[in-house]
Amino acid sequence: MNEKIKMIEGGVTAAKGFMAASTAAGIKYKNRQDMAMIYSKEPCKSAGTFTTNLVKAAPVKWDKNQVTSGADAQAVIINAGIANACTGAEGLGYCADTAAEAAAALNIPKTAVLVASTGVIGKQLPIDKIKSGVTALSKVLGSSREDAKLAAEAIMTTDTKSKEVACTFELGGKQVTIAGMCKGSGMIHPNM
């Protein structure tokens, strides 16, 4: 790999073929964006690092299964406000429901959908609001810088700022762009 990594302006939509969206689904917060979707026009290989803690939130279990199965990934659905942690079989079922809703809205396999939730632990998701949010997100996907920025802001809970990155470098004689977004503040011993 060429050692010249160049940081560029942008977020998750900086890479070709990636789109993002945000919406106010009313999961916990009023009058603010609280759901985000990242979508790739092409199926992608996925990888992940997962907690080794005995207790794992439903989305962690769902995503670990999807990633380790070798299934391609094409969408990520993220909600803020309720973590879907310590929610048992019902919470895991909500991951499947969310993935099914996204699969139908985006015309992709259910196995190509990853889910993430952040917020209050031990409370069940309002699945009807999540499903409505997924449908709304699928209709406003865009590849602009603003779309990426709003998606990164929508997943904030106790974060003091949104977190995004984008860079380019040469690999095998081709220009490659890697971009992403994340959140995190006050994590309780993730034990990665």
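The values are calculated or read from the model by the stated rules, or taken from the named source; none is laboratory data. Model, not experiment: these values are computed from the prediction. Here Cβ is always computed from backbone atoms with ideal geometry, including for glycine, and neighbour counts include all displayed protein chains. Ligands, DNA and RNA are excluded from the accessible area calculation, which covers all protein heavy atoms including side chains. Shrake-Rupley method; radii C 1.70, N 1.55, O 1.52, S 1.80 Å.
Brief remarks follow.
- Any hit, the range 51-64, residues being under 17 Å from the mean Cα position of the chain (by Cα) and farther than 20 Å from residue 183 by Cα: no
- Look at (1) within 25 Å of residue 174 (Cβ to Cβ); (2) in a loop (DSSP other than H, G, I, E, B); (3) polar (S, T, N, Q); (4) in contact with a Gly (Cβ under 8 Å, 6 or more places away or on another chain) and you find that residue 46 fails only one, number (4).
- In this structure, residue 14 qualifies as in contact (Cβ under 8 Å) with a residue 12 or more places away in the chain and surrounded by fewer than 22 Cβ atoms within 10 Å (Cβ to Cβ).
- Taking every residue in the range 99-115 that is touching a residue at least 40 places away in the same chain (Cβ under 8 Å) and pairing it with any residue that is in a helix (DSSP H, G or I) and open to solvent by 20 Å² or more (accessible area, probe 1.4 Å), at least 6 positions away or on another chain, the pairs with Cβ-Cβ distances below 6 Å are 106/138; 114/63; 115/62.
- Inspection of the range 61-73 finds no residue satisfying the criterion of being surrounded by 14 or more Cβ atoms within 10 Å (Cβ to Cβ) and at positive phi.
- Evaluation of residue 152 against the conditions (1) surrounded by 15 or more Cβ atoms within 10 Å (Cβ to Cβ); (2) modelled with pLDDT under 95 shows that the sole unmet condition is (2).
- Scanning the range 155-167 for residues that are buried (at least 18 other Cβ atoms within 10 Å of the Cβ) and among the β-branched types (Val, Ile, Thr) yields a total of 2.
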